[in-house]
Amino acid sequence: MKHLFLVLFALVFSACTQLQPEIKKVEDTNREAPVEIELPSETGLSVGKDETEEIAPFIPLPEEREIVSCPKVHPCAPCPKEKPCKPIIIYKEPSNVIIGELEEVYLPVYKAFLKGRIDTGAQTSSVHAKEIVPFERDGEKWVRFKVIDNQKGEIQIKKPIVKTIKVKRHGEESQERYVVHMRLNVSSMSQYIEVSLTDREQYKYPVLIGRNFLQGNALVDVNRRYTKAPTKDSK
């Protein structure tokens, strides 16, 4: 029995010895060969599995942009101030006329008499007007209004608008007014001037005679009133 066991052991050992080279051969064939990695064409490098290579990241170049410089802006020149039209003197005395602080005013076109106050502090003369309504005629701006004569009552007048002005009044807000051309007679003077239209109902005198009528034509004596009846010349 002992002899049989020894024989079997010898046979097994002999078989293992013969199989060992075959196992080693199979292991060698199954061993993974080095892998070669091909990088993108930009780098031109190839790196094996067992090698380590540090590759810099790809940074795109900044996009070129055209720099456009803005043109230099020059400030606009200030708008010229509108100059008032010079009055048309129809009739006056050879020398300056002396008038008082209150005078009667005659509108020869409408044959209307109105009471007026002389004000050397006002640039533009003004007339009390009611129902002031702007309108358009033949593409031009006109205004319709009414003046009140002490004897005839209301007189309706239509005039083209010369311009619009802003008048500052003491203690009150600025007021926009339409300006028209009208002929006014005061004392022995008759002029065709710019007149602003405004509601003067709160004032005692419906007409205010300003510097555009007085300048170079009359002297004012505030101690006198109604020095001379206005000329009725309507030529």
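The values are calculated or read from the model by the stated rules, or taken from the named source; none is laboratory data. Model, not experiment: these values are computed from the prediction. All Cβ positions, even for glycine, are placed from backbone atoms using ideal geometry, and neighbour counts span all protein chains on display. These area figures cover heavy atoms from the full protein model, side chains too; ligands, DNA and RNA do not enter into them. Shrake-Rupley method; radii C 1.70, N 1.55, O 1.52, S 1.80 Å.
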Next item on the list: Report the label-to-label distance for I161 and R211 in nanometres (one decimal), using points 7 Å from each Cα along the Cα→Cβ vector.
Entry: 2.6 nm
Note to self: I need the GluC sites (Glu not before Pro) found in region 160-209, filtered to DSSP loop residues with at most 14 other beta carbons within 10 Å of theirs.
What the structure shows: E172, E173, E201
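At a Förster radius of 25 Å, what calculated FRET efficiency corresponds to the Cβ-Cβ distance of D149 and L219, to the nearest 0.05? Write down the numbers at each step before the final one.
Details: r = 28 Å, r/R0 = 1.13.
For D149 and L219, the calculated efficiency is 0.30.
What does the convex hull of the Cα atoms of region 137-195 come to per residue, in Å³, rounded to a whole number?
On the way: hull volume 8.2 nm³, N = 59.
For region 137-195, the hull spanned by Cα atoms encloses 139 Å³ per residue.
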Notebook entry, point to check: What ³J(HN,Hα) values, in whole Hz, does the Karplus curve 6.51 cos²θ - 1.76 cosθ + 1.60 give for region 98-105 when θ = phi - 60°, with x put for Gly and Pro?
Noted result: 9, 10, x, 6, 10, 8, 7, 10
Check: In region 90-132, which residues have a backbone nitrogen under 20 Å from the label point lying 7 Å from Y192's Cα in the Cα-to-Cβ direction?
Finding: 90-93, 106-112, 124-127
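If a/c stays under 1.5 just call it rounded; otherwise compare a/b with b/c (prolate if a/b is bigger, oblate if not). Do that for region 128-235, with a ≥ b ≥ c from the square roots of the Cα gyration tensor eigenvalues. Intermediate results must be reported in sequence, preceding the final value.
On the way: a/c = 1.62, a/b = 1.36, b/c = 1.19.
Prolate.
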Next item on the list: Quantify, in whole percent, the carbon and sulfur part of the accessible surface of region 182-230 (1.4 Å probe; protein heavy atoms only).
Entry: 46 percent
Check: Averaged per residue, what accessible surface does region 176-235 expose to a 1.4 Å probe, in Å²?
Finding: 50 Å²
Notebook entry, point to check: Tell me, what is the percent relative contact order of region 96-235, built from C-alpha pairs under 8 Å that lie six or more residues apart?
Noted result: 39 percent
Notebook entry, point to check: Stretch K168-I98 to full length: gain in nm at 0.36 nm per residue minus the Cα-Cα span?
Noted result: 22.4 nm
